[in-house]
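Everything on this sheet refers to the single structure shown next.
The values are calculated or read from the model by the stated rules, or taken from the named source; none is laboratory data. All values derive from a computational prediction rather than experimental measurement. Here the Cβ positions follow ideal geometry from the backbone for every residue, glycine too, while neighbour counts run over all protein chains shown. Remember, those area values only see protein heavy atoms, side chains included, never the ligands or the DNA or RNA. Shrake-Rupley method; radii C 1.70, N 1.55, O 1.52, S 1.80 Å.
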Amino acid sequence: ELGVWSSLVGLAVHENADVAAAALTAAADMLDVDECLKAGRCPLARRVLEDGAAPVLALNLFRFQGGDEEDEAGVGATLALFEALLDLANAGLLPPVPPLLLETPLPSFLLSRIAAPPRETPAQHESNRLQCAELLSELSLAASADPALAEAFVLSALPAHESLAKSGAYEPKAGTLDGVELILVSLAAYRAKDPATAQKVELVENLFAVLEASLLLAQPAVAAAFDKAEAVPLLLMMARSGLHCGAGALRVLAAAVTTPGRASEVVKGGGIKSAFAVFMQARGKAPRPAKCTAAGRELPKDRASKAHRRAAGERRAWARAVEAAAVNVLYALSRNLSAASPDDALARFVGKFTEGEGDKCDRLVELALKYDERARAAELKFLRSEEADEVEEEDVAMLALSAKLGGGGDLFHRLGAVAALVCSESKSCHARILEQLRTLGSGITLVRDAVKEFGSLLDEGEEKSRLEGLLENI
């Protein structure tokens, strides 16, 4: 009522950087997300949107380039304001915020700060880098979920402020910044070592998430920048390293293998070996969590303690995530390799399953059965839950399917698709898989059901037709 909030936002663009930073810090302190959530309303945050202050504050970030304490404070306070706005929008107290922020050069500022060298105030600088990565990750996920927003978020050509002209990733003619290059350069620092702190681990995970979300948008410009930066060899090096970054590298590779050419490049670069090492649980070959993380710390000696159980649970969660990433890579390869692939890539892929005494086929069956069981259990758990009783009857089937897919059905479908391809391409693999299924009390119907249900969830297109062809073959 006294206009304090409007005054603070107005002072944020004051010509004196010290005054601006102090005003932003005060404004960020006033915007208490927890209190807003308790009250179910937040007039201060709504005022920022109604007054059109969000784009102004985004542009204002570019003035804080000195790296001193006041500049870092101004950046941190502005990022805190944006995070608060996003949290409140996600809680339904504000209209969507990403559309406003993606219309500004904010993403290019976030990337430039992430890639910036240490400043005069290293602790605040590192904190701001993490905030930048978190905010960029949230914006990229919002863009990947909304086709309209995706047009405003092309990672390889982000609208950039002229102050970033000295960056090697800046394109002067278009006035854009190549975020793909900047992210890969930032991640490359961890190709031979683990992040030393939990804060740096979180930053790395956010960068992998941004790259993965951008690749899933299937934008030609991003794909071209990805190839130009020779990203696949770097990611394969990370996947083989056995370090923390290997897990993120596998996730990005799964998102990147969307064309026959890139699938062949992954095979030629040894990607099959890396994915199978995780798939087969080869000791010492799978990515290990950094020691500074909950999953990477030594387990407490007292097995009965809560700390031991909690730490063991973190390790299992890490192992499940890495296993899922490896399955997704194998599925992506199986989807994009064909008899026409160069360097006999398809034959090399299928040949991996014929090696040894059929242990890879056995593992394929083992995982398919495991994820089928988990998916069915997740579906049944939902159907017996209070949530199922409270929703509209016509929504129950859809929500049950969602629970099933999230509980393991998605991976079951992909494993089924890989098994169907291997059975189609190799008689010995077909016989081995069938034998193992029968040994474990199942049959080829398991594979057929996985492929059939998978195809039923897809729109008409190449992959649906390919799966239908595999069904006929087996």
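Observations, loosely collected:
- Solitary cysteines of the chain, where the nearest other Cys Cβ is not under 4.7 Å: Cys132, Cys245, Cys292, Cys361, Cys423, Cys429
- Percent carbon-and-sulfur accessible area, the chain, ignoring ligands, DNA and RNA, probe 1.4 Å: 52
- In degrees, nearest ten, helix 69-90 long axis to first principal axis of the chain (Cα): 60
- Kirkwood radius and radius of gyration were both taken over the C-alpha atoms of segment 1-110, and their ratio Rg/Rh is 0.95.
- Net charge of Cβ neighbours under 12 Å - reference Val418; Lys, Arg +1; Asp, Glu -1: +4
- Solvent-accessible area of Met237 with every protein chain in place, 1.4 Å probe, in Å² to the nearest 10: 90
- Cut-off 20 Å, label 7 Å out along Cα→Cβ of Asp32, residues of segment 56-87 by amide N: 77-78, 80-87
- Accessible surface area normalised per residue over segment 268-348 is 57 Å², counting heavy atoms of protein chains with a 1.4 Å rolling probe.
- Gyration tensor (alpha-carbon) shape descriptor, segment 100-146, a/c threshold 1.5: prolate
- Spin-label pair Arg310/Asp18, simplified geometry with 7 Å Cα→Cβ offset, distance in nm: 4.4
- Charge dipole magnitude, Cβ of K and R +1, D and E -1 - segment 128-270, Cα centre, debye nearest 20: 500
- Theoretical ellipticity at 222 nm over the chain - DSSP helices of four or more residues, -39500 (n - 2.57) apiece, nearest 500: -21500 deg cm²/dmol
- Members of Lys301/Lys381; Lys228/Lys360; Lys273/Lys360; Lys193/Lys273; Lys370/Lys452; Lys228/Lys464 lying beyond 23 Å, as alpha-carbon distances in this model show: Lys301/Lys381; Lys228/Lys360; Lys228/Lys464
- Judged by the ratio a/c of the largest to the smallest principal axis of the C-alpha gyration tensor, segment 425-474 counts as oblate, that ratio being 1.5 or greater while a/b is no larger than b/c.
- Length added when fully stretched, Val391-Ala377, from 0.36 nm per residue minus Cα-Cα: 3.1 nm
- Per-pair calculated FRET efficiency, R0 = 41 Å: Asp302 and Ser7 via Cβ, rounded to 0.05: 0.15
- Taking θ as phi - 60° and the Karplus parameters 6.51, -1.76 and 1.60, the scalar couplings of segment 220-225 work out to x, 5, 5, 4, 5, 5 Hz in sequence order, x denoting glycine and proline.
- Cα gyration tensor category, rounded, prolate or oblate, for segment 391-474 with a/c compared to 1.5: oblate
- Each Cα pair under 8 Å and six or more residues apart adds its sequence gap; the mean of these over the residue count of the chain is a relative contact order of 9 percent.
- Qualifying GluC sites (Glu not before Pro) in segment 362-426, where qualification requires a DSSP coil assignment and no more than 14 other C-beta atoms within 10 Å, comprise Glu392.
- Across the chain, Cα-Cα distances exceeding 43 Å account for 23% of all pairs.
- Label point at Arg191 placed 7 Å out along Cα→Cβ; residues across segment 234-248 whose backbone nitrogen lies under 11 Å: 234-239
- Axis angle, to the nearest 10 degrees, between helix 122-145 and the longest C-alpha principal axis of the chain: 60 degrees.
- Placing a pseudo-label 7 Å from each Cα along the Cα-to-Cβ vector at Ala224 and Arg283 gives an inter-label distance of 5.0 nm.
- Nonlocal amide H pairs with Leu94, under 5 Å, H built at 1.01 Å: Ala89
- Viscosity 0.692 mPa s, temperature 37 °C, Stokes-Einstein D of segment 250-328 from Kirkwood C-alpha radius, µm²/s: 233
- Chymotrypsin sites (Phe, Trp or Tyr not before Pro) lying in DSSP loop within segment 358-465, provided at most 13 other Cβ fall within 10 Å: none
- Along principal axes, Cα extents of segment 129-267, largest first, whole Å: 39, 38, 29
- Potential lengthening between Ala431 and Ser127 on full extension [0.36 nm per residue; Cα-Cα distance subtracted]: 103.9 nm
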